[in-house]
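All remarks here apply to the structure that follows.
The values are calculated or read from the model by the stated rules, or taken from the named source; none is laboratory data. Quantities reported herein were computed from a predicted structural model and do not represent experimental measurements. Note that each Cβ is placed from the backbone with ideal geometry, even for glycine, and that neighbours are counted across all protein chains shown. Only protein heavy atoms, including side chains, enter the accessible area calculation; ligands, DNA and RNA are left aside. Shrake-Rupley method; radii C 1.70, N 1.55, O 1.52, S 1.80 Å.
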Amino acid sequence: MNIKKFIPCIFLYKKHAVAAFEDKDTVISMNPVELSRFYRDNGADGLIVFDLSGDDDREHEEALDCIKAICSGVDIPVTGAGHVKRMEDIKKLLYAGCSKAALNYSNPDNIALTQEVSLRFGREKIAACVEDGKTISDQKELLETYVCELILIRETILKACVGCSSVPFIAMLPEMTLDKLLDTLNYIDLCGVTGRLVNKNAKEIMALKTLCADKGVSVDIPGMEVKWEDFKKNSDGMVPVVVQDDQTEQVLMVAYMNQEAYEATLKTGRMTYYSRSRQELWLKGETSGHFQYVRSLTADCDMDTILARVSQVGAACHTGKYSCFFNEIVRKKGKEENPLKIFQSVLEVIKDRKTHPKEGSYTNYLFDKGIDKILKKLGEEATEIVIAAKNPNPNEIKYEIADFLYHMMVLMVERGVTWEEITEELAQR
């Protein structure tokens, strides 16, 4: 089944997202990472990021840092394109977290590079940007052997490219009527659409997918296989929903869905409930802007409660609190056992010492002495771990690793590195 994908694109220029290849002066209000999350939250099946850097190496490195942040910030496939001149550029895009890197076939050197990078990184990692059907016809064998996907970067070449190759392609499309879009999506080799059509209608991606599905076009709408009839309802014919922040895992609120709310949630990707007090459908955030974008929906063992993990915009509670659960009733003191929470707690103490120095504090002593002293201590503690590992007493290595981690966190604060950045980097490996 050829599932058709809706893939927004981000044009990166001097650390900003700009309007288009030919319009670098119009800067998008959201920064590139925020924009990528906006696209993700609204149902995008992937992203294409075009690096529009000039020949300035520093500008290109800043773009790569931005691409890495985008890849870390979203859990949808990202294709990196632009500013590819050699194998090293492909490697940098893939190491930044891109699922694919695209060669620009308007540059003959990129065509010559295709076989080499495909054999090095795998055909499934290599895409090609093309501007005309003749290039596809001329390079048909090369593309079909070494490239997994084509990106048609001119809006006017779609028909000329159909049938030129068996390699699936993503087409940049201008804004068009729904009927014309449906006709376009019926091209067999078309695997996705991007460009102005998708970017300008990003808030409506889920609605577009629903319309496509209704017309028999295969699209990815998660959850449609679980019908409302599969749930056990309460006496009011509704199902309670426990809402949890997907990132922090904090419970935000509890609400209820009827059939209309459930189906609206699946179709739009935004949490929609039924307000029992107002007796009406309730799109969370419709008046406040504090939308909840669906990350996952999971039913319990009895199919009578839904756990919704969401990307929360702003506060979940009508009081302005982030979570509705803030009226503490009982809290028994106990030792925290969640490793990440412990690391984060220690890091926060170290950050506080840097902001609010305390006389006699060893942490402040390290900050006062500067980066060289911190690095010296870190090196010494690493050596102590090696020595302790040779010691038959297992407690020694635990003590030394703890000392090393403390000094490492001092370095993290000194250089502005967070645990989220570290764990995101590890998760990509």
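Looking at Leu347, Leu375, Leu340, Leu426 in this structure, which one is of a type outside the set (S, T, N, Q), exposed (fewer than 15 other Cβ atoms within 10 Å of the Cβ) and touching a residue at least 60 places away in the same chain (Cβ under 8 Å)?
Answer to the check: Leu340.
Any chance you could count how many residues in region 400-414 are more than 29 Å from the chain's Cα centre (by Cα), open to solvent by 40 Å² or more (accessible area, probe 1.4 Å) and of a type outside the set (A, V, I, L, M, F, W, C)? Give the steps one after another, and end with the answer.
Of region 400-414, the ones more than 29 Å from the chain's Cα centre (by Cα) are 400-404, 406-407.
Adding the requirement that they be open to solvent by 40 Å² or more (accessible area, probe 1.4 Å) leaves 401-404, 406.
Adding the requirement that they be of a type outside the set (A, V, I, L, M, F, W, C) leaves 403, 406.
The total comes to 2.
Which of the residues spanning region 378-399 are open to solvent by less than 50 Å² (accessible area, probe 1.4 Å) and of a type in the set (Gly, Ala, Ser)?
As a first pass, look at region 378-399 and keep what is open to solvent by less than 50 Å² (accessible area, probe 1.4 Å): 378-379, 381-382, 385, 388.
Correct list: Gly379, Ala382, Ala388.
Within region 356-370, identify whether any single residue is in contact (Cβ under 8 Å) with a residue 40 or more places away in the chain and surrounded by fewer than 16 Cβ atoms within 10 Å (Cβ to Cβ), and answer yes or no. Before the answer, list the steps.
Applying the first criterion (in contact (Cβ under 8 Å) with a residue 40 or more places away in the chain) to region 356-370 yields 363, 366-367.
Going one step further and asking which of them are surrounded by fewer than 16 Cβ atoms within 10 Å (Cβ to Cβ), we end up with none.
For region 356-370, residues in contact (Cβ under 8 Å) with a residue 40 or more places away in the chain and surrounded by fewer than 16 Cβ atoms within 10 Å (Cβ to Cβ): absent.
Restricting attention to region 54-79, report how many residues are under 22 Å from the mean Cα position of the chain (by Cα) and either among the hydrophobic types (A, V, I, L, M, F, W, C) or over 25 Å from Asp246 (Cβ atoms) (or both). Steps first, answer last, please.
Here is the first cut: in region 54-79, the ones under 22 Å from the mean Cα position of the chain (by Cα) are 60-79.
Remaining after also requiring either among the hydrophobic types (A, V, I, L, M, F, W, C) or over 25 Å from Asp246 (Cβ atoms) (or both): 60-64, 66-67, 69-71, 74, 76, 78.
Total satisfying the criteria: 13.
Of the conditions (1) touching a residue at least 40 places away in the same chain (Cβ under 8 Å); (2) under 16 Å from the mean Cα position of the chain (by Cα); (3) outside any strand (DSSP E or B), Val49 satisfies every one except a single condition; which number is it?
(3)
With the condition being of a type in the set (A, V, I, L, M) and within 20 Å of Gln247 (Cα to Cα), I'd like the helices (runs of 4 or more DSSP H) fully within region 324-429 carrying at least 3 qualifying residues.
Working: elements: 339-355, 362-369, 371-389, 394-415, 419-427.
Result: 339-355, 419-427.
Look through region 276-319, keep the residues that are touching a residue at least 60 places away in the same chain (Cβ under 8 Å) and charged (D, E, K, R), and return whichever of them is most open to solvent (accessible area, probe 1.4 Å).
Top of the filtered list is Asp302.
Restricting attention to region 266-285, which residues are under 24 Å from the mean Cα position of the chain (by Cα) and under 20 Å from His318 (Cα atoms)?
Going residue by residue through region 266-285, those that are under 24 Å from the mean Cα position of the chain (by Cα) are 266-272, 283-285.
Arg270, Met271, Thr272, Leu283, Lys284, Gly285, listed by residue number.
Can we say Val239 is among the β-branched types (Val, Ile, Thr) and out of contact with any Phe, Trp or Tyr (no Cβ under 6 Å at 6 or more places or on another chain)? Reasoning before the result, please.
Working: among the β-branched types (Val, Ile, Thr): yes; out of contact with any Phe, Trp or Tyr (no Cβ under 6 Å at 6 or more places or on another chain): no.
No; evaluated as a whole, the condition is false for this residue.
Would you tally the residues in region 193-207 being aliphatic (A, V, I, L, M) and surrounded by fewer than 19 Cβ atoms within 10 Å (Cβ to Cβ)?
2
When you look at Leu47, is it surrounded by fewer than 23 Cβ atoms within 10 Å (Cβ to Cβ), aliphatic (A, V, I, L, M), within 25 Å of Thr423 (Cα to Cα) and in contact with a Phe, Trp or Tyr (Cβ under 8 Å, 6 or more places away or on another chain), yes or no? So that I can check it myself, show each step before the final result.
Numbers: surrounded by fewer than 23 Cβ atoms within 10 Å (Cβ to Cβ): no; aliphatic (A, V, I, L, M): yes; within 25 Å of Thr423 (Cα to Cα): yes; in contact with a Phe, Trp or Tyr (Cβ under 8 Å, 6 or more places away or on another chain): yes.
No: the conditions fail for Leu47.
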